[in-house]
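The block underneath contains the structure these notes are about, expressed in structure tokens.
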Amino acid sequence: MKISIDDIKNSKNQSLKIDFANEVSDLDTLGPVEAELIFSAYGAYINVKGTIVANVKLVCDRCLKDFVQKIDVDVDETYKLGRLDSAVNGHSGQEIELKDGDFVTELDGDDEIDVEDLIYQSVTLNIPNPCVCDINCIGDPEIEKYIKKEISDPRLEVFKNLKINKLEEGK
């Protein structure tokens, strides 16, 4: 689903509300992804605010079992119509500190915003790391045999008791 920039600009108060309840390609979910998004035009910028709710199918990092996690995302994205050009802002080639409002997506001549891509990115970036099916999951004992145990080299034991004297400067 794509939203035309002209539709946003020509709507009442230059604001367009979209209710989305559909599958998103490349996102493995249980049921449709639901989103309520408000697209607002502000001069050369389009701001998108709203919420996204998805029940995403994941694999536990500890026990490798499938589970479903509800992902609830608050969206606040800004798109720049045209290109972002740091030379225009007087920062040609200089390092600058990015602040909260400096994270924008460049549309570079595109006349549409891809809602599915926005939803996919928002949900994917909010998947927890590590993915764990349950806070008390201890993992599969069969996996333990593949995890490398720390083995110390007996020849290096001598370095555990090594004491280093600090030399004074000038000597």
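Rule-based calculations on the coordinates, nothing more; no lab input. Just so we're clear, the structure is a prediction, and the values are computed from it rather than from any experiment. With ideal geometry, Cβ positions are generated from the backbone for all residues, glycine too; neighbour counts draw on all protein chains shown.
If you line up the long axis of helix 115-125 against the longest principal axis of the chain, both from Cα atoms, how many degrees apart are they, to the nearest 10?
Roughly 20 degrees between the two axes.
Counting only C-alpha contacts under 8 Å and six or more residues apart, can you give the relative contact order of segment 2-137 as a whole percent? Write out the running numbers ahead of the final one.
On the way: 241 pairs, mean separation 33.2, N = 136.
24 percent.
Extending each Cα 7 Å along its Cβ direction at Asp61 and Lys12, get the distance between those two points in nm, one decimal.
4.7 nm
When a footprinting reagent is the concern and you count Cβ atoms within 10 Å, what order do Phe67, Phe20 take, fewest first? Working shown, then result.
Details: Phe67 15, Phe20 18.
Ascending Cβ contact count within 10 Å gives the list Phe67, Phe20.
Let's test the formula: R0 of 41 Å, r as the Cβ-Cβ distance of Ser4 and Lys145. What FRET efficiency results, to the nearest 0.05?
Values: r = 56 Å, r/R0 = 1.38.
Working from the Cβ atoms, E equals 0.15.
So what is the 222 nm mean residue ellipticity for the chain from helices alone, if each DSSP H run of at least 4 adds -39500 (n - 2.57) and you divide by all residues, rounding to the nearest 500 deg cm²/dmol? Before the final figure, lay out each step's value.
Details: 3 runs with 21 residues, N = 171.
Value at 222 nm, helices only, nearest 500: -3000 deg cm²/dmol.
Once the other residues with Cβ under 13 Å from the Cβ of Pro128 are scored (Lys, Arg +1; Asp, Glu -1), what is the net sum? Could the numbers behind the result be given before it?
Numbers: positive: Arg62, Lys70; negative: Asp61, Asp72, Asp134.
Net local charge, Pro128 excluded: -1.
Sort Tyr120, Tyr146 so the one with the fewest other Cβ atoms within 10 Å of its own Cβ comes first.
Working: Tyr120 18, Tyr146 6.
Sorted ascending by nearby Cβ count, the order is Tyr146, Tyr120.
Once both labels are modelled 7 Å past Cα along the beta-carbon direction, what's the Asn126-Glu95 spacing in nm?
3.3 nm
Of Lys9/Lys49; Lys2/Lys99; Lys2/Lys70, which sit over 18 Å apart, Cα to Cα? Intermediate values should be presented prior to the final figure.
Numbers: Lys9/Lys49 16 Å; Lys2/Lys99 29 Å; Lys2/Lys70 25 Å.
Table pairs above 18 Å Cα-Cα are Lys2/Lys99; Lys2/Lys70.
log₁₀ I(q)/I(0) of the chain at q = 0.09, 0.11, 0.14 Å⁻¹, via Debye over equal Cα point scatterers, no solvent, to two decimals?
Calculated log10 I(q)/I(0) at the listed q: -0.56, -0.69, -0.87.
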